[in-house]
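The structure appears right after this line, and notes come after that.
What follows is calculated from the coordinates using simple rules that are stated; it is not laboratory data. Predicted model, so just to flag it, every value in this text is computed and none were measured. When we count neighbours, we look across all protein chains shown, and the Cβ atoms used for this are built from the backbone with ideal geometry, even at glycine.
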Amino acid sequence: MSRDWRGPVLEADHRDLVAMLDAFAADNPGPLEDGAEVAPLVVRLAELGVWTLGAAADHGGGGADPTMTAVAFERMGRYWPALGWASVQAHVAADLIGASHPELMSELHAGRARVAVVRASSPHVRLSFADGRLSGTVGRVDAAGPRPHLVVLDNDGTARLVEPDALEGRGLARTGLGGAFTSALEVSASADQVHELSGRDLPASLGRLWCGAAAVAAGIAGAAADGAASYAAGRRQFGDALTAIPTVRQSLLDQVADTVTALTASIAVDHSDLAQAYAAVSRACDGAIDVAAAALQTHGGYGYLSEYPAERFLRDAVSLRAAVDVQSAARVGAADLVGRRSEDSALGAVS
């Protein structure tokens, strides 16, 4: 198995997935841009059984265990973090949509449909019902495609699936996450373009969304830490490698430690406990930024050059934290911690 796995001990099938994705990434390296190469790459990941690997088997997914699923997210986070985040959203959407829309599910599992998942209570989501229409704006989605479906999580226990024809996207600038097709959405949906997905466990879905994002963040951190270690080992200063300097070694160790913590937490926590899930995603996203910043410093001035990946890892980590909306998620986790989920939950009401 690759030495750069920074999580719990893996079983043979998990190690095989690491090896397969490492080999696939060698043939399909990043970084990505918002270009024509994204869609075929997603389809290839779907053909490998990775894109919805951990979605429920009775909904057409791979039915993989949490560790196997986290392996897939972590590897995608290392090589194509925008696709990792899009895959996390596809997993959650697949389990929410289930058997209610078989044609969409078929396209989703095949990597030909994209779905963005948002909380109605997020500050950047402003939606309202009036005269039988759902309208408003979603300030940011990162679905790795220009025309996604939209799943809105509401605090009445209902998810709402909005068709792409009801959405008008406008591309947004971002620091990283190449291939995400980051956009703001104008929503103007008639009643027949909005489908209620009732009877779902929305808190568990949100917890899964956050834990998946934590694994992607751990992948970014792992790639940054390993890149820094490789650079330090090969860079000579004062007649010896940078790794001969104790402070450099300590920094590299701290980078790995933060990566291990993030990845382990993303696998170990209970998805239905939103306080735990928030802790995992918050620590992982913050940790990825810290690790990437330290890795950039390991490169010295070279770290700021685009010829080296260090600056991209930092941009990806910052962009992922914004895409996941970790800051507003704190309110959700705090409400869940004290048993007041209904007042300010995963699923704030559509106004």
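Tell me, in nm to one decimal, what length is gained between Phe129 and Ala191 on full extension, where the rule is 0.36 nm per residue of separation less the Cα-Cα distance?
21.3 nm
Run lengths n ≥ 4 of DSSP H only: what is the helix-derived mean residue ellipticity at 222 nm for the chain, with -39500 (n - 2.57) per run over all residues, to the nearest 500?
Calculated from helices alone, the mean residue ellipticity at 222 nm is -16500 deg cm²/dmol.
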Charge-dipole axis of the chain as Lys and Arg at +1 and Asp and Glu at -1 on Cβ define it, positive-most pick from Ala12, Gly132, Gly219 | Gly219
Would you mind finding the longest exposed-site-free stretch of the chain, with exposed trypsin sites (Lys or Arg not before Pro) meaning DSSP loop and at most 11 other Cβ atoms within 10 Å?
-> 4-339
Apply the membrane-span-like helix rule to the chain: whole DSSP H runs, Cα extent along the own long axis of at least 15 Å, mean Kyte-Doolittle hydropathy at least -1.0. List the helices found.
-> 12-27, 66-79, 81-97, 202-234, 246-268, 274-298, 310-324, 326-337
Classified through the alpha carbon gyration tensor (a ≥ b ≥ c as square roots of its eigenvalues; rounded if a/c is under 1.5, else prolate when a/b is larger than b/c, else oblate), segment 202-337 comes out prolate
Contour excess over end-to-end distance, with Cα ends at Asp240 and Glu163 and 0.36 nm allotted per residue = 21.8 nm
Please report, in Å, the Rg and the Dmax of segment 12-109, where both are computed over Cα atoms only.
-> 13.0, 38
Looks like the chain, by Cα gyration tensor root eigenvalues a ≥ b ≥ c and the a/c under 1.5 rounded cutoff (else prolate when a/b is bigger than b/c, oblate otherwise), is prolate
If the convex hull of the alpha-carbon atoms of segment 116-176 is projected onto planes in all directions, what is the mean projected area in square nanometres?
-> 4.7
Loop chymotrypsin sites (Phe, Trp or Tyr not before Pro), segment 224-333 (other Cβ atoms within 10 Å of the site Cβ: 15 or fewer; DSSP) = Phe238
